[in-house]
Amino acid sequence: MKTRALLLALTLGSANAAGAQAPPPAVDVTAAAIDAFIDALPKDRISDLPIRIADVGGYKVGVYGVFRPRTQPGGSIRHQTSVTEIYYMLEGAGTLVTDGTITGERSTGNSPNTGRPNFGGNGIAGGVTRRMVPGDVVIIPGNVPHWWSALESDIRYLIFRPDPEGLQPVR
């Protein structure tokens, strides 16, 4: 009886291993591709567009290029989603405020990246303020208010968006 149970367990284990899918392949996004992408973005407005979105097996991860002109730091925002945003500053400098509460919060419609509601305002009360320069990284969990309160120059940065909900279209 023990031998039969052991054989059954081994057989089921091998069937599961044989039926397991291989992980998806690695995805490259080169520095040259990033530079070319951000260089092609309009310079007269805030741009936040996907360079690449990959299905990594069970969820998606997006790499977005952002250009933000100094004259348009923008308002505060909160995305009602579990998608985390990881900012990696490439060029320029500015003051980023996170956490706290959006002042004058109102609905701004659905996010073009996730289709989930966005909320905006004219600032953040009680937030954490930090100066961002090239090489800096900040991780902003979903549903956390964030706001570029001041820009010292035009800025270029990447946003990495791990998406456990799978809302971003693969590109």
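Would you mind calculating the gained length between Ala26 and Arg45 on full extension (0.36 nm times residue separation, minus the Cα-Cα distance), in nm to one decimal?
3.6 nm
What's the center-to-center distance, using Cα atoms, between region 60-76 and region 106-124 in Å?
About 14 Å separates the Cα centre of region 60-76 from the one of region 106-124.
Along Cα→Cβ, 7 Å out, is where each label goes; now give me the distance between the ones at Ser107 and Thr129 in nm to one decimal.
3.3 nm
Provide the gained length on full extension for the span Ala33 to Tyr59, in nm with one decimal, where the gain is 0.36 nm per separating residue minus the Cα-Cα distance.
7.0 nm
Treating the angle as unsigned and between 0 and 90°, give the value, to the nearest 10°, between the Cα long axis of helix 2-19 and the longest Cα principal axis of the chain.
40 degrees
We did not get these values from a lab; they are worked out from the coordinates using the rules stated. This structure is a prediction, so every number in the text was calculated from the model and none was measured. In this analysis, Cβ positions are derived from the backbone assuming ideal geometry, glycine residues included, and neighbour counts consider all displayed protein chains.
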